[in-house]
Amino acid sequence: MDWSQLFEASTWSGFTQNIFSTPSNFIALAALLVSLSSAWSSRHHSRLSVLPAFATWADYPTAENPTCTIMLSNKGFGPGIIQSFEAWHGHYRMPGRAHKPIRCLIERVFKGYQLHVEKVAGPEKGHTFGVGEDLVLARFDVDRAIVDGGDDYFEVFFEPVSLLIFYRDIYGREWVYLVEEFEGHTHLLRWWKRPYLWIRYKGKV
């Protein structure tokens with residue numbers, strides 16, 4: 001054994017002997033560990049308590065009301081600071097910013113059908129999306145033929161649609177909320193997670 005190993009071993013041995021030599025030392029160490037664990041738990045809980053939680057849903061058109069409304073809401077406990085918003089149809093990303101991607105998306109999805117678009121919107125970069133805030137992403141009337149086909153037929157038009165919202169919480173952590181195949185998922189963006197997102201969403205991140 002070389003001198004460095006002997007020093008390390010003797011130092012560690014002496015340290016452990018001193019710690020466990022008296023009950024008071026052991027109690028002090030235990031108290032320190034509990035304090036550190038409590039501080040980490042408190043910090044973790046504080047961050048979780050202010051997380052935004054985005055949700056989307058749609059009111060489907062019916063025979064009595066051919067209007068479809070798509071909503072975005074923050075159901076979480078803290079605001080989300082919008083970084084960017086994207087709308088996709090398959091592998092094609094809608095151009096523009098603000099409300100333009102949604103308008104392009106709706107017109108592309110229902111191309112060839114009579115369509116009246118009443119309202120479109122998109123979360124703007126830098127906007128602080130508050131707790132309980134709702135945003136009408138789109139409100140439009142669809143063709144009677146689509147309504148007569150029922151909900152299952154209507155959903156076929158939206159199967160290739162994906163929405164991505166990149167945002168930060170008040171601690172500066174970066175998140176992405178993704179809607180694909182009628183399901184919403186939230187991911188914390190870290191460098192080790194980006195390859196997964198790249199593969200999963202084929203270049204959408």
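Some values worked out for this structure:
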quantity	calculated
Condition met for Leu51 (within 19 Å of the chain's Cα centre (by Cα) and part of a strand (DSSP E or B))	no
Hey, Ala121 touching a strand residue (DSSP E or B) at 6+ places or on another chain (Cβ under 8 Å), closer than 30 Å to Tyr171 by Cα, surrounded by 18 or more Cβ atoms within 10 Å (Cβ to Cβ) and assigned by TED's automatic domain parsing to the domain that holds Ala58 or not	no
Set Ile165, Ile146: member being in contact (Cβ under 8 Å) with a residue 12 or more places away in the chain, in the same structural domain as Tyr60 (by TED's automatic domain parsing) and in a helix (DSSP H, G or I)	Ile146
Scan of the stretch 89-127 for residues that are among the basic types (Lys, Arg) and in a strand (DSSP E or B), ordered by number	Arg93, Lys119
Any hit, the stretch 64-83, residues being surrounded by fewer than 14 Cβ atoms within 10 Å (Cβ to Cβ), in a strand (DSSP E or B) and in the same structural domain as Glu133 (by TED's automatic domain parsing)	no
Selected residue (only one of Val179, Val205 is assigned by TED's automatic domain parsing to the domain that holds Glu64 and modelled with pLDDT under 95)	Val179
Matching residues in the stretch 84-118 - criterion: being more than 21 Å from the chain's Cα centre (by Cα), surrounded by fewer than 13 Cβ atoms within 10 Å (Cβ to Cβ) and in contact (Cβ under 8 Å) with a residue 40 or more places away in the chain	Glu118
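Residues are listed down the side, and each one gets a yes or a no for (1) hydrophobic (A, V, I, L, M, F, W, C); (2) within 16 Å of Trp57 (Cα to Cα):
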site: Asp143; (1), (2): no, no
site: Val147; (1), (2): yes, no
site: Glu159; (1), (2): no, yes
site: Ile165; (1), (2): yes, yes
site: Ile170; (1), (2): yes, no
site: Phe182; (1), (2): yes, yes
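The values are calculated or read from the model by the stated rules, or taken from the named source; none is laboratory data. All values reported here derive from a predicted model rather than from experimental measurement. Heads up, the Cβs are rebuilt from the backbone with ideal geometry, glycines too, and the neighbour counts pull from every protein chain shown.
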